[in-house]
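What follows is a set of notes on a single structure, which appears directly below.
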Amino acid sequence: MTILPIIIHGNPVLHQPARAVTDFDDPEFKQLVADMYETMDASHGVGLAAPQVGAGLRLFTYVFENEDGVAPRSCIVNPVLTLGKISAAEPDEDEEEGCLSFPGYGFPLKRAEWVTVSGFNEFGEPVKFDATGWFARVMQHETDHLDGKLYVNRLNKKWTARAKKVVKKEGWTVDGNSWTPGIDPDPFGH
């Protein structure tokens with residue numbers, strides 16, 4: 001397994017919809033999944049979507065203890081989410097998200113409190129489950145990556161303005177920025 005560089009905001013693969021996985025037996029697909037688990041673990045993240053490592057495919061890995069009876073570590077391929085209602089209230093500070101592709105920063109964001117996830121695991125077996133609370137947030141965050149969105153694209157006006165300042169300050173307006181867990185300094189201080 002290989003720890004892959006994590007692509008940072010500005011790379012086109014992060015800002016376009018990913019392609020569906022069609023061949024679960026492809027050795028390159030299997031290697032990508034293994035490398036994504038390794039990279040996610042090394043980054044101390046709770047999820048990692050294929051576009052974040054430069055692969056425009058609809059899959060993500062996650063590791064998150066939950067109370068929903070769902071495996072705490074898995075890979076979801078070609079996910080489809082059904083969302084609960086998202087509150088129109090202003091987000092609270094305890095709703096702050098971070099992202100491996102927007103490293104070192106966090107902003108509050110309202111998300112649905114529950115989702116139903118349908119798709120496949122990395123072996124091509126169908127999966128369907130409900131996720132609640134922060135686990136639902138992880139599912140939404142990672143699926144957004146597959147739709148060409150980062151969580152900062154969903155922020156309210158106040159937090160969008162702050163995120164845009166970060167993008168400009170960090171030089172994340174162009175392709176070519178990345179960080180590699182275990183080699184580069186950990187932007188989250190783990």
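May I ask you to verify whether residue 130 is modelled with pLDDT of 95 or more, in contact with a Pro (Cβ under 9 Å, 6 or more places away or on another chain) and either among the acidic types (Asp, Glu) or open to solvent by 80 Å² or more (accessible area, probe 1.4 Å) (or both)? First the steps, then the outcome.
On the way: modelled with pLDDT of 95 or more: yes; in contact with a Pro (Cβ under 9 Å, 6 or more places away or on another chain): no; either among the acidic types (Asp, Glu) or open to solvent by 80 Å² or more (accessible area, probe 1.4 Å) (or both): yes.
In short, no.
Filtering the stretch 31-49 to residues that are out of contact with any helix residue (DSSP H, G or I) (no Cβ under 8 Å at 6 or more places or on another chain) and either open to solvent by less than 10 Å² (accessible area, probe 1.4 Å) or of a type in the set (A, V, I, L, M, F, W, C) (or both) leaves 33, 34, 40, 42, 43. With the condition kept exactly as written, say whether any residue in the stretch 55-62 is under 22 Å from residue 182 (Cβ atoms), touching an Asp or Glu at 6+ places or on another chain (Cβ under 7 Å) and either open to solvent by less than 50 Å² (accessible area, probe 1.4 Å) or not in a loop (DSSP other than H, G, I, E, B) (or both). Yes, the stretch 55-62 contains a residue that is under 22 Å from residue 182 (Cβ atoms), touching an Asp or Glu at 6+ places or on another chain (Cβ under 7 Å) and either open to solvent by less than 50 Å² (accessible area, probe 1.4 Å) or not in a loop (DSSP other than H, G, I, E, B) (or both). Taking the conditions (1) in contact with a strand residue (DSSP E or B) (Cβ under 6 Å, 6 or more places away or on another chain); (2) surrounded by 18 or more Cβ atoms within 10 Å (Cβ to Cβ); (3) not charged (D, E, K, R) in turn, residue 102 satisfies each one other than (1). Which of (1) part of a loop (DSSP other than H, G, I, E, B); (2) open to solvent by 30 Å² or more (accessible area, probe 1.4 Å) does residue 118 not meet, given it meets every other one? Failed condition: (1). Taken over the stretch 154-182, the criterion of being under 21 Å from residue 61 (Cα atoms) and surrounded by fewer than 16 Cβ atoms within 10 Å (Cβ to Cβ) is satisfied by 180, 182.
Looking only at the stretch 9-51, count every residue that is among the aliphatic types (A, V, I, L, M), closer than 19 Å to residue 148 by Cβ and part of a loop (DSSP other than H, G, I, E, B) and tell me the total.
Within the stretch 9-51, the first condition is being among the aliphatic types (A, V, I, L, M), and the residues that meet it are 13-14, 18, 20-21, 32-34, 36, 40, 42, 46, 48-50.
Subsequent filtering for residues that are closer than 19 Å to residue 148 by Cβ retains 13-14, 18, 20-21, 32, 36, 48-50.
Next, from what is left, pick out any that are part of a loop (DSSP other than H, G, I, E, B): 18, 20-21.
Total satisfying the criteria: 3.
Hey, can you tell me all the residues within the stretch 71-83 that are aliphatic (A, V, I, L, M), surrounded by fewer than 18 Cβ atoms within 10 Å (Cβ to Cβ) and touching a residue at least 24 places away in the same chain (Cβ under 8 Å)?
Initially, the stretch 71-83 is screened for residues aliphatic (A, V, I, L, M), giving 71, 76-77, 80-81, 83.
Then keep just the ones that are surrounded by fewer than 18 Cβ atoms within 10 Å (Cβ to Cβ); that gives 71, 80, 83.
Listed by number, the residues that qualify are 80, 83.
Residue check: residue 135 meets all listed conditions (1) open to solvent by 10 Å² or more (accessible area, probe 1.4 Å); (2) assigned to a helix (DSSP H, G or I) but one, namely (1). Among the residues of the stretch 39-48, not a single one is in contact with a Cys (Cβ under 8 Å, 6 or more places away or on another chain), of a type in the set (A, V, I, L, M) and in contact (Cβ under 8 Å) with a residue 60 or more places away in the chain.
The values are calculated or read from the model by the stated rules, or taken from the named source; none is laboratory data. Keep in mind the model is a prediction, meaning the values are calculated, not measured. Note that we place each Cβ from the backbone using ideal geometry, even for glycine, and neighbour counts take in every protein chain shown. The protein model used for the area step is the full one, side chains on, heavy atoms only, and it has no ligands, DNA or RNA in it. Shrake-Rupley method; radii C 1.70, N 1.55, O 1.52, S 1.80 Å.
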